[in-house]
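First the structure, in the form of structure tokens, and then the observations on it.
The values are calculated or read from the model by the stated rules, or taken from the named source; none is laboratory data. Keep in mind the model is a prediction, meaning the values are calculated, not measured. Don't worry about glycine lacking a Cβ; one is built from the backbone with ideal geometry, like all the others, and counts go over all protein chains shown.
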Amino acid sequence: MPITSSCIIQKQYSELLHIFEEYSQAFVAFSGGVDSSLVAKAALDTLGHNAVAVTVRSEFTAQRDLNFARASAREIGITHKVINIQLLKTPQVTVNSASRCYHCKKAIVSSIKGYPVFDGSHAEDSPERPGLQALREAGVISPLALAGFNKLMIIKTARHLNMLSAGQPSNSCLATRVKTGIPLTVEILNYIELVEEIMFDLGAVWCRARTDSHYCHIEYGTFSEFNEFEAKQKILTTIDNSEKLNFKFCRK
């Protein structure tokens, strides 16, 4: 009998489940994206109600992303907990240096107390990334990496399991939109979120509004025609002080 792709995926998923068999409880650092969703699904399938998805909400979290995380947790069926923290109270984060992600992840992990913590890092994530270094130092477990899952395997497995997150574009926190060295403030983060929300409302399926005090470089993707002039005008009329920025749109 030939080995089907479905059999291969199921075997890979079984290896992921096996990792959780060593534990009686688990907190899954949960964004709702495909990586952390697959980890949450595996934790739930192995540990049942002893698996909890934990989303940390900060100034860097867009409301749209939090809403999707909640919807994804409901679809998986896992208990979902939201923890609120204020990352801008951490000076090493606010200065937005090249090590921002290290200090940010360190603060996030320290806010999750109790069970062993699992995250969605996978086999293709560079161990030299500052954020990943912080996770390793904190003892966070990365089952996808341990089971040898790369990004393509993750997406194929999520599709096989009919997961909501399988078609979700990759995302990152709002702080990643700000050029390194530009201090992070509530105002600039709120501005980025508002710009991206306008883009989504006008039909973008994903968006990154990269900005500092001089420019706003908007990267986006869409399945249909998109009126960039309309988007710029709506941004200018909706958000205060937008006229001070130079706008550039880049469809990808």
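Miscellaneous remarks
- Scanning the range 2-33 for residues that are surrounded by 24 or more Cβ atoms within 10 Å (Cβ to Cβ) and more than 20 Å from G114 (Cβ to Cβ) gives L16, G32.
- Filter result for A53 (among the aliphatic types (A, V, I, L, M), in contact with a His (Cβ under 6 Å, 6 or more places away or on another chain) and within 27 Å of L184 (Cβ to Cβ)): yes
- Among the residues making up the range 227-242, those that are surrounded by fewer than 16 Cβ atoms within 10 Å (Cβ to Cβ), over 16 Å from L189 (Cβ atoms) and not β-branched (V, I, T) are N227, F229, E230, Q233, L236.
- Contact annotation: residue pairs with Cβ atoms under 6 Å, 6 or more positions apart or on different chains, pairing a residue in the range 19-40 that is in the same structural domain as V56 (by TED's automatic domain parsing) with a partner that is acidic (D, E) and at pLDDT 95 or above, are A29/D119.
- Odd one out for A166, checked against (1) at pLDDT below 95; (2) assigned to a loop (DSSP other than H, G, I, E, B): (2)
- Pair list, Cβ < 6 Å and 6+ apart or interchain, from the range 114-133 residues that are under 11 Å from A145 (Cα atoms) to residues that are of a type in the set (D, E, K, R): G120/D35; E124/K151
- In the range 227-252, the residues that are within 15 Å of H214 (Cα to Cα) and of a type in the set (G, A, S) reach residues that are at pLDDT 90 or above and in a helix (DSSP H, G or I) with C-beta atoms within less than 9 angstrom, at least six apart or across chains, in these pairs: S242/Y191; S242/V195; S242/K232; S242/I235; S242/L236.
- Taking the numbered list (1) in a helix (DSSP H, G or I); (2) touching a residue at least 24 places away in the same chain (Cβ under 8 Å); (3) in contact with a helix residue (DSSP H, G or I) (Cβ under 8 Å, 6 or more places away or on another chain) in turn, C216 passes all entries but (1).
- Residue list for the range 75-94, restricted to those being among the charged types (D, E, K, R) and in a helix (DSSP H, G or I): E75, K89
- Screening I182 on (1) touching a residue at least 40 places away in the same chain (Cβ under 8 Å); (2) of a type in the set (V, I, T); (3) assigned to a helix (DSSP H, G or I) shows it passes everything except condition (3).
- Inclusion of V109 among residues that are β-branched (V, I, T), within 18 Å of the chain's Cα centre (by Cα), crowded, with 23+ Cβ neighbours inside 10 Å and part of a helix (DSSP H, G or I) is not warranted.
- Among the residues of the range 56-84, the ones that are charged (D, E, K, R) and in contact with a His (Cβ under 7 Å, 6 or more places away or on another chain) come to 1 in all.
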